[in-house]
Amino acid sequence: MTKLDAPAPESASAPARRGPPAKATAQGNGDTREGILDAAEDLFSKHGFYGVTIREVAREAGVDTALVHYYFGAKRALFDAVFLRRAEVWNSERVDAINRYARDPGPDGMTLEGLFEAFLRPPFQWSLKGGPGWKHYAALVAQTNANPTFGGETMARYFDPAIRRLIELIQQIMPDAREVDLYWAWHNMSGALTLTLGETGRLDRLSGGLCRSGDLESACDYMIRFAAAGFRAVCAPEGRAG
């Protein structure tokens, strides 16, 4: 983990400085800030928001507790900073991908399979190839999506704009779909998506090793087919519950 560089000794005539580091010094040390975020992300993904303290984050990052407070303030602000950092990447890539697909879907026009391929592939690829930080983040999103205290608010704040754009494009493919059905279909897909990206190992044990939760290439392929079939079953007129 990155440690804060030792400060240069002050002159004998200068009074000793107390409190957080000078602003210019802190702003110039982006590696330290990223190291704190990495440590917090790892701990939050394993123990949840309530199972982690600022002191533990500081110890994991190899910095003083005061420095964590200096950069991020309270623990919730640190959690939000962890959540936002990779959410911006996920969202921008997914929205760019579905917008490109909508502009040039091919001779047969947009399909649910093509749209979900564009939307789902980026987070799976980041988890597959982005390194351990992205796996920690995927586990954190899975936890947060299921958190009854603040999960709904957090997911809405960071992911709703991308999801609303996806639903707009689904409505172009399925113009007769009711909004209530679209949102229920998304709700069901969202739970399956975050659980799958969390790589809990549950699938491995349940299938006796036939399936591996870490096989994210296959997981994405199955998720695309599952999502398309699910939206058709829920949203098409013949599949409506009432």
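Heavy atoms only, 1.4 Å probe, whole protein assembly: order Met189, Met174 by accessible area, highest first.
Working: Met189 5, Met174 25 Å².
Sorted by accessible area, descending: Met174, Met189.
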Original post:
Which of the DSSP-defined H helices in the chain satisfy a minimum axial length of 18 Å, computed from C-alpha atoms, and a minimum mean Kyte-Doolittle hydropathy of -0.5?
Top reply: 112-129, 132-145, 151-173, 179-198, 216-235
Original post:
Glu113 to Val89: FRET efficiency via 1/(1 + (r/R0)^6), r the Cβ-Cβ distance, R0 22 Å, to the nearest 0.05?
Top reply: 0.35
**OP:** Please work out how much accessible surface Trp134 shows to a 1.4 Å probe, ignoring ligands, DNA and RNA, in Å² rounded to 10.
**Re:** 20 Å²
**OP:** Between Gly35, Gly209, Gly201, find the one with the highest GNM mean-square fluctuation for the chain; connect C-alpha pairs within less than 10 Å.
**Re:** Gly209
**OP:** Please give the per residue accessible area of segment 164-242, computed with a probe of 1.4 Å over protein heavy atoms only, in Å².
**Re:** 58 Å²
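Given the -39500 (n - 2.57) contribution per DSSP H run of 4+ residues, what per-residue ellipticity at 222 nm results for the chain, rounded to the nearest 500 deg cm²/dmol? Each step should come with its number before you reach the end.
Working: 11 runs with 169 residues, N = 242.
It comes out at -23000 deg cm²/dmol, rounded to the nearest 500.
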Original post:
Here are some values of Rg and Dmax of the Cα atoms in Å: (1) 17.2, 52; (2) 21.8, 83; (3) 18.7, 60. Which one was computed from this structure?
Top reply: (2)
Original post:
Comparing Thr154, Thr65, Thr196, which has the greatest mean-square fluctuation in the GNM of the chain with Cα pairs linked when under 10 Å apart?
Top reply: Thr65
Original post:
Using the Cβ atoms and a cut-off under 11 Å, what net charge is assigned to the surroundings of Trp186, where Lys and Arg are +1 and Asp and Glu are -1?
Top reply: -2
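The values are calculated or read from the model by the stated rules, or taken from the named source; none is laboratory data. Just so you know, these numbers come straight off a predicted model, no measurement behind them. Heads up, the Cβs are rebuilt from the backbone with ideal geometry, glycines too, and the neighbour counts pull from every protein chain shown. For the accessible areas, the whole protein counts, side chains as well, though only heavy atoms, and no ligand, DNA or RNA atoms are used. Shrake-Rupley method; radii C 1.70, N 1.55, O 1.52, S 1.80 Å.
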